[in-house]
Every structure is written in C-alpha cells, then in structure tokens.
Ligand SMILES: Cc1cc2nc3c(=O)[nH]c(=O)nc-3n(C[C@H](O)[C@H](O)[C@H](O)COP(=O)(O)OP(=O)(O)OC[C@H]3O[C@@H](n4cnc5c(N)ncnc54)[C@H](O)[C@@H]3O)c2cc1C
Ligand SMILES: Nc1ncnc2c1ncn2[C@@H]1O[C@H](COP(=O)(O)O)[C@@H](O)[C@H]1O
C-alpha cells in the first residue's frame, strides 16, 4: 500500500504577525512545526505501511525552509519526501494550493493507493485543501476520519459527522482527512535522525517540473483575495475593576442583581 | 419553467440533517434575504433528498422566494459526490451570484469539492457577511491567520461567491405560514458515488448539555489551573441556573468534555449573561460568545483581550474569587 501524506509547516505560536503591505504572514523569527493533524496523518500512514508494506511519501508545498518539516517526517519514518516550492506558488488560496498539490501527486510513480491529509491546519484552518485535491484527482473523499481499518482491497473507516457516528467503506485509491481522535497511539518513534539529516535526498519540484503556468498558481491562480484585515473591534468599553477580592465579588453580585439574575437586597431568588 | 434569470440570486444550501440541533440553514436564509435585498435579487434555497417537500415549505416560511428541490432515492443520505452531481449542473445553468452553506460537518466537506468543480473561490466558517456598497462584492469575514485578526475575503472575478458560515452567527426569521414562494423541481441527473458506501449511521449518544439555550453561561479557561478548580464552575452554574462552557485548552487538558467547547470549533452561545473566567479572549473563543447580551470577565491580567469585550471586567485571581462568590451566593439562595 503506497501512501502520500500532505503536510504543511505552520507557525508554532498562537500570535501571528502580519505584513500589512503584502497581507501575508510574517514567518521570520517564528518557530515552525508540522501541522499537528498532519502529524497524525503521518503516524497513521506509517502504521499502515508497517503492517501492509509499500512506501510513505510526504509532500509539502511551501517556501524552501519547509524542507525542515520534510526532514522531520523522514526522521519519523517516511520513505521519500517532495518539496514543491517556487516564488510563483506564494499567496495561493485553497483553489490554487489544491491545484499544485494535486498535480504533484498525479506525478507520483506509482500513483498512491491512499492520500492522507489533516482535517484542517492551525494557521489557515479552511479544511478545503483535502476535498479540493480529491476533486481534482477524481478520488472518493471522506473527511474527519477517526478510525481506519484496512480490509482486502478497501478501507473501513469511522467518523463523527453532524451528530452521527458513521461507518463507511471506501475503495482505493481514496483521499481521507484525519482528526486528532485517530491517534490515541502515543508518540512517533523518532527514527534515525542521522539518516534524515544527511543521507536522504529530498526531491524538489518547481512550476516547470510540474508543467504549471504562472497564471494557474499562487496569487494569480487564486479566486479569492484578502480585501482587508482588521483586529476584532472592542465590543464595548465596560468598567474594569481592580481591588480586594471582596470588592470584586460585590461588583459581580451587583451586576447579577441589575440583570435580575439575583433578586435585589438580601432577599430570596423567586 | 422559469427563465434562468429568476434563479441567479443568492443561494442557500438546505442542510436539514441535524435540524433540531442546528438551524443554520434558516439563519442563512434570513441573512440571504438581507443580502438579496441589497443586490435587488432573490433568495433561492436548495432542498435535496428522497422526500423534501416539508423542508421546501419550511424554507419558504422562513423567507426563501424560490426553492429548488430534487427528490431521488440516491439523495437520501448526505453524500458529497452524489450531491455535487446534482448541484454543480444547476449552478452552471442558473448562475447564482452568491452561494452559502452552513459550516456543518457536511457543509464543510461538500462546499470545498463543489467550489473546486465550479472553479470558484470559497471562504471558510465566516462570522459576518456584507455587500460592499461600491463594488457589490460579497465581503466574507473569517477569523484568519491564527485568529489574531479578522480577514475580509472577496471573490472578485469568479462566480458564484461561495462561503460556509458558522452556525449561530445570524438570527433566523420567525416562521411565517402565510409566506409565498415557489417550489421548483428542475431536471436532475443523479450520479451516485459508488466508491464510498455508508455501512452504518448511528446518532451519537450524548448527554446533550443545554448550553445553547442557557440564560447564564459560565465559561472557564486555562487560567483556572486545574480540574479541581474548574469543577467549582459547576457549583456556580447550579447556583445561577446556568450551564458551563470551556475554552479549547481546558478540553485538551481533559478538565471537561468536548461538548462544552465554545468558539470557532465549538458552540456559539447567546445567553443573557456570560461570565468568562481565566480565559485570555482569543478570537477563536470570543466568536462563540460575542452574541451574549452581557459579558463579565475575570482575569488576573489587566491587559487580557477579553476585557475589550466585557461589560464588567474584574482584575483578580479566579481561584480566590470563586470560593468567595460561591459562598456569598449560597447565603442568598
Ligand atoms: C484554528 C484554531 C481554532 C481554535 N478554535 C478554538 C475554539 O473553538 N475555542 C477556543 O476556546 N479556542 C480555540 N482555539 C484556541 C485559541 O486560539 C486560544 O488558544 C484559546 O482560546 C485560549 O484559551 P484560554 O483563554 O483558556 O487560555 P490562555 O490563552 O492560556 O489564557 C489563560 C488566561 O487566564 C489568565 N489567568 C491565569 N491564571 C489566572 C488566575 N489564577 N486567575 C484569573 N486569570 C488567570 C491569564 O492571564 C490568561 O489571560 C483555536 C485555535 C486555532 C489556531
Ligand atoms: N501547503 C500545503 N502543503 C501540503 N499540504 C497542505 C498544504 N496546505 C494544506 N495541506 C493539507 O491540507 C490539509 C487541510 O489544510 P487547510 O485547508 O489549510 O485547513 C492540511 O492538514 C494538509 O494535510
């Protein structure tokens, strides 16, 4: 069973700074990690490979430094890694991102039996890229999977969808996106870091290698644009009280009385 | 049959699977009404399934001008590919300007695939929608870039302008049994997805917290420091006849169950009073509580962003205040 895992490098911080001129995230000086759910996908892929054979290919589209994420995946046990990179790819929305990644995946030889993604990323958090690749690659998709069982030549998976626990069967090849619940197994074995950082080659593909034209990738290949960025407005300027604990509690009780959640004076709640 | 011109307005995907928990389709019809009035066009709701007449009627009663309905045995269960096979040709034939769906599990897996097939833009999990008065473009506000900022997204050249919308952001209109609308059954060509088979579907067993309906919500964050401290919130909630909610780190630490998560990836609440305790006020959390009529925040850091949206902010240590508060309330009730 050959598996491709799409991983994205994301900033390891809740507070992200923006380049307001270019409307892009400033990534310099911010530690980066593999998107947590992509790590779960990787772990599931390695587990399936170890039981069924085949290879795990990790693939990312991003700036040159996303190579670190691929190295980390190799250290964890991935067999091959592909870095899709080029200035033309930057500023892509999900339509353009999924296009580039789908073209890269269709170039894989052999074509994977299974493509795994995280259900969503922590930075852009659209949950679009998985299903949009499935569409372009004409694969069946199941999103938000939390259990995978390999049967003869198909998978049985479980997921939670709008309050229903669903059990589904899907033929291969297929694309799945995975959630945190999939991975109660613990941590990844770290593998041979030495190999990861010295010997393994990382394949690099740019627009020409993938036969992509400038107008179909990056900002130009995107259908959406960021119009404006704003800091969420303060909703209202209320009173800010400091003081002794008793003073604070008194203020809160008065508020409850004002809202008639508590009856006034020291009476009883009706 | 109508001319396609009649159908080019603001479309809403009818998602009725989890109807009693999730009224997002009705909320979207109300918002679409508002957008359509600004664009001088119509609201068109879709209803797909094996039997959809009652839903079509419901959508008219809540403000849809036209319902596009499709009935077919293969549409009985929600299936992304099968639904795309019906909806994509409709969009190509009737050319809506705007197309909205609720950010339900299904909406969030169906719309990306559909948008890709139609080669148009899609924004995820919006918390506001407006029409730009100058360009007539749909401004799609989504908490982005880690949530420190809100991003307004536009789809300048591709149509339709598609968005999924967070449940609970908009208010549905009251059911109007006298509302007039048309229900159309255009030709459909259903191509069932045979590669995916639904083997079993069971309603999830949950002790459904009545969080969304509560008049008082006590929301706790990581600042409470431990499970024991967090559990004081249940006492407080009981005294105020409220329900307990939590931020994501609280769920992550296992202090309470996932059903209580508030925010972008959790529930949206609109109580009369929300007391936020030991939460910093990240936008992914505050989108879930913004609709509260009154917000009281307790945090020991006077700079905490939560104070920007609090009607009353108390700067202090939650774990000192809570026992005092609970004691004071016990004396009264
Ligand atoms: C894509 C994405 C989606 C997300 N979705 C959600 C979501 O749906 N819901 C959600 O909640 N979060 C969500 N998050 C996480 C969110 O960004 C914040 O990290 C989270 O809301 C912070 O939770 P918190 O306020 O409890 O913790 P912290 O940010 O750690 O804040 C703790 C606060 O407690 C205060 N404090 C500490 N000790 C005390 C004390 N003794 N007394 C009083 N105050 C004290 C501190 O001053 C601080 O302000 C999401 C994040 C991402 C990236
Ligand atoms: N630039 C990228 N490179 C590789 N995989 C990606 C990239 N962006 C998104 N993905 C994959 O798509 C999933 C969903 O991402 P998103 O649509 O951004 O929430 C991620 O968890 C990854 O598996």
Could you please give the count of residues in segment A:140-162 that are within 11 Å of chain B (Cβ to nearest Cβ) and more than 24 Å from residue B:102 (Cα to Cα)?
-> 4
Test: residue A:91 is within 19 Å of residue A:212 (Cβ to Cβ) and part of a loop (DSSP other than H, G, I, E, B) | yes
Among the candidates A:130, A:77, A:163, A:91, which residue alone is within 15 Å of ligand 2 (Cβ to nearest atom), at positive phi and touching a strand residue (DSSP E or B) at 6+ places or on another chain (Cβ under 8 Å)?
-> A:91
Give the residue that is modelled with the highest pLDDT, with candidates limited to residues of segment B:196-219 that are surrounded by 15 or more Cβ atoms within 10 Å (Cβ to Cβ), assigned to a loop (DSSP other than H, G, I, E, B) and more than 9 Å from every other protein chain (Cβ to nearest Cβ).
-> B:214
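Taking into account only those residues within segment A:50-74 that are assigned to a loop (DSSP other than H, G, I, E, B) and more than 9 Å from ligand 2 (Cβ to nearest atom), which is surrounded by the fewest Cβ atoms within 10 Å (Cβ to Cβ)?
In the first step, residues of segment A:50-74 are kept if they are assigned to a loop (DSSP other than H, G, I, E, B); the result is A:53-55, A:62-63.
Restricting the remaining residues to those that are more than 9 Å from ligand 2 (Cβ to nearest atom) gives A:53-55, A:63.
On the way: A:53: 9, A:54: 18, A:55: 15, A:63: 16.
Only one residue tops the list, namely A:53.
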Residue that is nearest to ligand 2 (Cβ to nearest atom) [pool: residues in segment A:95-123 that are at the interface with chain B (Cβ under 7 Å from one of its Cβ atoms) and crowded, with 22+ Cβ neighbours inside 10 Å] = A:98
Output for segment B:276-311, where each listed residue is closer than 21 Å to residue B:210 by Cβ and within 8 Å of another protein chain (Cβ to nearest Cβ) | B:290, B:294, B:295, B:296
Return yes when residue B:157 is in contact with a helix residue (DSSP H, G or I) (Cβ under 8 Å, 6 or more places away or on another chain), over 26 Å from residue A:177 (Cα atoms) and part of a loop (DSSP other than H, G, I, E, B) and no when it is not.
-> no
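Would you confirm, using the coordinates I've provided, whether residue B:87 is more than 15 Å from residue A:224 (Cβ to Cβ), touching a residue at least 12 places away in the same chain (Cβ under 8 Å) and out of contact with any helix residue (DSSP H, G or I) (no Cβ under 7 Å at 6 or more places or on another chain)? Even if it seems obvious, please write down each step before you answer.
Values: more than 15 Å from residue A:224 (Cβ to Cβ): yes; touching a residue at least 12 places away in the same chain (Cβ under 8 Å): yes; out of contact with any helix residue (DSSP H, G or I) (no Cβ under 7 Å at 6 or more places or on another chain): no.
Here the answer is no, as residue B:87 does not meet what is asked.
Rundown of residues vs (1) assigned to a loop (DSSP other than H, G, I, E, B); (2) buried (at least 22 other Cβ atoms within 10 Å of the Cβ); (3) within 11 Å of another protein chain (Cβ to nearest Cβ), yes/no style:
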residue: B:116; (1), (2), (3): no, yes, yes
residue: B:135; (1), (2), (3): yes, no, yes
residue: B:140; (1), (2), (3): no, yes, yes
residue: B:171; (1), (2), (3): yes, no, no
residue: B:174; (1), (2), (3): yes, no, no
residue: B:177; (1), (2), (3): yes, no, no
residue: B:188; (1), (2), (3): yes, no, no
residue: B:191; (1), (2), (3): yes, no, no
residue: B:194; (1), (2), (3): yes, no, yes
Do we have any residue at all in segment A:156-178 that's within 16 Å of ligand 1 (Cβ to nearest atom), outside any helix (DSSP H, G or I) and free of Cβ contacts under 8 Å to residues at least 12 places away in the same chain?
-> no
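The values are calculated or read from the model by the stated rules, or taken from the named source; none is laboratory data. Remember, it's a predicted structure, so these values are computed and weren't measured experimentally. Backbone-built Cβ (ideal geometry, glycine too); neighbour counts: all protein chains shown.
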